[in-house]
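Working notes, beginning with the structure itself.
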Amino acid sequence: MIQKRLFLLLLGLLFLGPLHAQEGQKEIQLEDIWLYYRFVPAFPSAFNWMQDDRYYTVMDDNEIIQYERKNEKAVKTILDANELKDPKTGDDIVVSAYVFSPDESKVLLKTKVESIYRRSSKEVCYVYDLKSKTLHLLHEGEKISLPTFSPDNQHIGYTHSNDLYFHSFDGDKRTRVTDDGKWNFIMNGHTDWVYEEEFAFTQAFFWSPDSRKIAYYRFDESHVREFSMAMYGQLYPEPYSFKYPKAGEDNAYVDLYIYHTDAGKKVKVDIGNEKDQYIPRAKWTQDAEKFAVMRMNRLQNQLDVLLVEAGTGNSEVILTEKESAYVDEVTNAKWKFLKNGTEFLWQSEADGHNHVYLYGMDGQVVRQITKGNWDVTGIEAVDEGNGILYYMSTEQSPLERHLYSITLEGKKKKQLTQEAGWHSVSFSSSNSVYMDSYSTVSKPGGAALFDNKGKEIDVLEDNARLEKTMESYALTTPEFFQFKTSEGVELEGWMMKPTDFDASKKYPVLQYVYGGPGSQTVKNQFGGFNYFWYQMLTQQGYIVVSVDGRGTGGRGEEFKKVTYGELGKYEVIDQIETAKYLGGLDYVDADRIGIWGWSYGGYMTSLALTKGNGIFKMGIAVAPVTSWRYYDTIYTERYLKTPQLNPGGYDDNSPIEFAKDLQGKYLLVHGTADDNVHYQNSLEWVDALVKANKQFDMAFYPNKNHGIYGGVTRFHLYRKMTDYIMANL
């Protein structure tokens, strides 16, 4: 489901507190948000640290420019791609992204990028040698995926047509590692759809530290059932089919191999005899002869760490983590092997909160490094020379993210980000400097450089232009609030009131909900496009509210995992409780409360209008899941087990089962080419509503995916939703 950490397209929503419009201030128009894009925060373009972290580079006007961080002064132009021509066609080269080789002697240039799914793409790629001033065209100009330099700078690996290759710069030679790749059958070095979406990675090959081996995944999806979507725009719609394992159905079989480049041989990794399992992460340790693998069972409540001998593929389990519900989402930040070769860091919820532990390579815990009734949300860097760990956490508030340092002994903890708000950091290669992208409830924030003690070095972007633009509009300030439900559960929320709010009047309310496991909409973080849409609605006399119910993140394991086995039950109860609480406020019109959401939020909206007993007058559901039986294996089974083991968990809170109970005006929106939450969800839901003789409204967007964007599509969608709210709330 959608849960991204993008800085620019933020789904976050927040906030400033009621102001009175000043003379001359304007009202926001929908065109300001979705056609003219007047409210987009600025951010350093294509920012990259250099090995010598006195410098960083950015891409500007097709040039890679080196800056000195001390005074933010441009030092030199490393490469002017405007001077380059494609060696095969003679065409100009327009760079979309660039990556330096480890020694910065070469630079990879990505052009003509073509998106595939959420995280995957293919592009025409070049490597420019900065010393010899020569340009290498990779794979004869055909589009490739995942180009990655070897640590010794001599090779670059990539995938093409489901096979794995590497290009050697010495002799300009191409080596094909695999030859059995085939669309919808075999994938080498690249993840399948469900791994890409739910384990959030696409690159499935890894250079060893000595550059003499490549470990890679092989997906056999020949037995996985295909999902087909009609693509419109021609006389006969063309079907697009891809392998999509729905809950309870067969997954791809996953194997791991280690290819030895010198000998040209492959060694199969022993990941056990069970075929129906997951390999959510794999990486090299600091030792080029030791490869590490995470192995997880189908129900995702047991996670093993395997240590593999690169020469033989033999493995041993060195760590096992079990949970009564599920092991939390497994990311690369969950583990980090230290350069001493004898220890690694591991994140776990063993004590009820996500914390960092130090383990020996024998799998024995050395110590718990972080402790407290708060969650570590990511390991950001490790300064092994000084024995310091840098991590992000919720210690100040579940509504904020802050950077801390602590010794590997668990002592001398220090909060480095001092300003209230939401921080996201990127450390330089030496860990001596970091870039902090930050925002608060009242400011769009920006980006600045800090030393590793938390002292500001330089401001890269302060978004003064956007702040000046915002000053010309009549904006309100969202207010954070808490309330207790009838079950005694304390929930966090925010509320945006009209700028001319009058407590003696009664206002209609629009609730925004997402609600998926581990997500948050209530954050002390500046929002994006939706934030300004909500501002526009407040200017029209609406109150806008969002509340994070049970199952959401930032508040520990118990609060998050209470929804296990019955998604939708507690979440919708809490949204109904929110509406009841709001309806009891003197300034809220209890007969005019609406709710809307996208994806999981669309699911919640649909449930709210069927289980809410008429408390919601109106709802808008965009791209909703309407039965978890239609969603993918990894996400759904993590929280519900399989439908074979837990049929009630799939049906007891499916809107389809309660179509006869729909009350209120209801708008259903979906893209017909949604590869994530399939259009099937809405069609089956419509069928149930028709059979129940329930009236509803619907908007569909041909050939649009889960994001429903492109051209003026978003403007059209938000105009439709705005009109619907105005007419029915």
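Placing a pseudo-label 7 Å from each Cα along the Cα-to-Cβ vector at ASN613 and ASN332 gives an inter-label distance of 5.0 nm.
Remark: accessible surface ordering of ARG555, ARG225 (largest first) is ARG225, ARG555, probe radius 1.4 Å.
Relative protection proxy for 681-690, 490-499, 383-392, from highest mean packing down: 490-499, 681-690, 383-392 (other beta-carbon atoms within 10 angstrom).
When volume of the Cα convex hull per residue in Å³ is computed from the coordinates, the matching label among [x] 185; [y] 234; [z] 168 is [z]. Rounded, prolate or oblate for segment 257-343? Axes are the square roots of the Cα gyration tensor eigenvalues, ordered a ≥ b ≥ c, and the cut-off for rounded is a/c under 1.5. Note, shape of segment 257-343 comes out oblate.
Sparse packing (at most 14 other Cβ atoms within 10 Å of the Cβ) combined with a DSSP loop state is found for the following chymotrypsin sites (Phe, Trp or Tyr not before Pro) in segment 31-85: TYR36, TYR37.
Average accessible surface for segment 472-583: 27 Å² per residue, computed with a 1.4 Å probe over protein heavy atoms with every protein chain in place. When you filter the chymotrypsin sites (Phe, Trp or Tyr not before Pro) in segment 204-246 for DSSP loop state and at most 13 other Cβ atoms inside 10 Å of their Cβ, you are left with TYR232.
Compactness check for segment 665-729: Cα Rg over 2.2 N^0.38 Å is 1.17. With the whole protein complex present, ASP723 retains an accessible surface near 80 Å², based on a 1.4 Å probe.
For the pair ASP152 and VAL58, label points projected 7 Å from Cα toward Cβ lie 3.8 nm apart.
In terms of packing, defined here as the mean over residues of other Cβ atoms within 10 angstrom, the peptides 600-608, 539-547, 137-145 line up highest first as 600-608, 539-547, 137-145.
Charge tally around LYS243: other residues with Cβ under 10 Å, Lys/Arg +1 each, Asp/Glu -1 each, net -3.
Express in nm, to one decimal, how much length is gained between SER432 and VAL459 on full extension, taking 0.36 nm for each residue of separation and deducting their alpha carbon distance.
Working: separation 27, 0.36 × 27 = 9.72 nm, distance 1.67 nm.
Stretched fully, the SER432-VAL459 segment lengthens by 8.1 nm.
Averaging Cα coordinates gives a centre for segment 581-614 and one for segment 483-500; these two points are 13 Å apart. Pairs from the table (LYS283/LYS334; LYS110/LYS283; LYS580/LYS611; LYS26/LYS468) lying more than 18 angstrom apart at Cα are LYS110/LYS283.
Cα centroids of segment 343-382 and segment 190-255: 31 Å apart.
Mean residue ellipticity, 222 nm, helices only, the chain: the sum of -39500 (n - 2.57) across DSSP H runs of n ≥ 4, divided by residue count and rounded to 500, is -4000 deg cm²/dmol. Extending 7 Å from Cα along the Cβ direction at GLU384 and again at HIS223 yields two label points whose distance is 4.1 nm.
Which links in LYS412/LYS453; LYS122/LYS246; LYS265/LYS290; LYS143/LYS266; LYS268/LYS336 stretch past 20 Å when you go from one Cα to the other? Don't jump to the answer; show the numbers that get you there.
Details: LYS412/LYS453 12 Å; LYS122/LYS246 26 Å; LYS265/LYS290 17 Å; LYS143/LYS266 26 Å; LYS268/LYS336 24 Å.
Violating the 20 Å Cα-Cα cut-off are LYS122/LYS246; LYS143/LYS266; LYS268/LYS336.
If we sort 349-355, 261-267, 589-595 on the protection proxy, mean other Cβ atoms within 10 Å, highest first, what's the order? Walk me through the intermediate numbers first.
Details: 349-355: 18.1, 261-267: 13.1, 589-595: 20.9.
Highest to lowest by the protection proxy: 589-595, 349-355, 261-267.
Sites listed here are GluC sites (Glu not before Pro) in segment 149-256 whose DSSP assignment is loop and whose Cβ has at most 16 other Cβ atoms within 10 Å: GLU249.
Which distance in Å, rounded to a whole number, links the C-alpha centroids of segment 512-527 and segment 90-128? When both Cα centres are located, 34 Å separates them. Within the accessible surface of the chain, defined with a 1.4 Å probe on protein heavy atoms only, the carbon and sulfur portion equals 46 percent.
FRET efficiency for LYS468 and LYS265, Cβ-Cβ distance as r, R0 = 60 Å, nearest 0.05? Write down the numbers at each step before the final one.
Details: r = 63 Å, r/R0 = 1.05.
After rounding to 0.05, the efficiency reads 0.45.
In terms of its alpha-carbon gyration tensor, segment 455-596 comes out oblate; a/c meets the 1.5 threshold, while b/c is at least as large as a/b.
If you sort the three axes of the alpha carbon gyration tensor as a ≥ b ≥ c, you get a/c of 1.5 or more for segment 170-265 and a/b above b/c, which makes it prolate.
The stretch between ASN82 and ASP255, if pulled fully straight at 0.36 nm per residue, gains 58.0 nm over its current Cα-Cα span.
The values are calculated or read from the model by the stated rules, or taken from the named source; none is laboratory data. As the structure is a prediction and not an experimental result, all values here were calculated from the model. Glycine also receives a Cβ, built like all others from the backbone with ideal geometry; neighbour counts cover every protein chain displayed. In case anyone asks, the SASA skips ligands and DNA or RNA and just uses the protein heavy atoms, side chains included. Shrake-Rupley method; radii C 1.70, N 1.55, O 1.52, S 1.80 Å.
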